[in-house]
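Encoded as structure tokens, the structure appears first; notes follow it.
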Amino acid sequence: MSEQIIPQSRVFARERRRSLNVVFTFVFAFFFIGGIAARAQAQAPQNVPAKQAISVVLKEYGAAYRNRLVAVVGQKGATQPQHWHVMAYDLKDARRVAYFKVTNGRIAAATVLSEKQSAARRGVSFSLDNLRKNSTDVFTIADVAARNAKVGFDSISYEINGRGVGQAPIYAVELRDSQGRVVGNLVVDGASGRVLAANWNPKGAQAAYKNPLNRIDWNKVGETTRSVGRDIGNSFRSFGRGVRGALSGQ
């Protein structure tokens, strides 16, 4: 029985088809897996900076809050915090403070603080229009200042407050090391980005940082946590006394 002789051209054609199939499969898998990874990355929660968090509140609850801001607090971010706590004078009762928790760019909670909380939290209001520097800018400013002072830090907290009519709001910034110890405090002008005051390795920084603010459950901002507003103020109270002179006349 004689063997069938396959023309060489057919052999080459068959091998070429196999090679093309392998290449096609590889390319398809590459782009398919890459597309899944890209979509997953796009859908992953992103920490937003302060001005974007405020904008989320304005979009969801009305632009009238734009000029009624009282304080914006974000804690313990590598560069930006996961949660922003936005406070503004309530639209229905100017004596009360409305509270919004913004997590990964979305409203996670919204309520009106109790009368006692509101009384403790009331302060000089400010407008988003006067907040020229975003928290991303302030991080860069704080990072440069810390490098110049030869101070390393692992997390940063922000609190934005008003200073009065015609003056830009300020960022009060706390820098902490990997053990939670305060290694620096700064006050940054919210319009120019100028560092108004700085305190490196403040007294007590070698002890574990135990600020009452860090023990507050921000998911419970009702009457049972009426000290929340006061404790936010306490976060920078001791540093604020030394800064008051630097801020006067600015």
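Tell me yes or no: at least one residue of the range 110-118 is hydroxyl-bearing (S, T, Y), within 22 Å of P49 (Cα to Cα), in contact with a helix residue (DSSP H, G or I) (Cβ under 6 Å, 6 or more places away or on another chain) and surrounded by 15 or more Cβ atoms within 10 Å (Cβ to Cβ).
The answer is no, given that none of the residues of the range 110-118 is hydroxyl-bearing (S, T, Y), within 22 Å of P49 (Cα to Cα), in contact with a helix residue (DSSP H, G or I) (Cβ under 6 Å, 6 or more places away or on another chain) and surrounded by 15 or more Cβ atoms within 10 Å (Cβ to Cβ).
Quick one: which strands (runs of 3 or more DSSP E) lie wholly within the range 63-150 and hold at least 3 residues that are touching a Leu at 6+ places or on another chain (Cβ under 9 Å)?
69-77, 83-89, 97-103
Could you grab me the full set of residues in the range 147-160 that are surrounded by 15 or more Cβ atoms within 10 Å (Cβ to Cβ) and either under 19 Å from the mean Cα position of the chain (by Cα) or among the basic types (K, R) (or both)?
Answer for the range 147-160, where residues must be surrounded by 15 or more Cβ atoms within 10 Å (Cβ to Cβ) and either under 19 Å from the mean Cα position of the chain (by Cα) or among the basic types (K, R) (or both): F153, S155, I156, S157, Y158, E159, I160.
Scan the range 135-164 and report the pairs whose first residue is under 15 Å from I54 (Cβ atoms) and whose second residue is part of a helix (DSSP H, G or I), with Cβ atoms within less than 6 Å and a gap of 6+ or a chain change.
S135/A50; Y158/S135
No value in this document is a laboratory result; all are computed from the given coordinates. Here the structure is a predicted model, which is why all the values come from computation and not from measurement. Methodologically, a virtual Cβ is constructed for each residue, glycine included, from the backbone with ideal geometry; neighbour enumeration extends over all protein chains shown.
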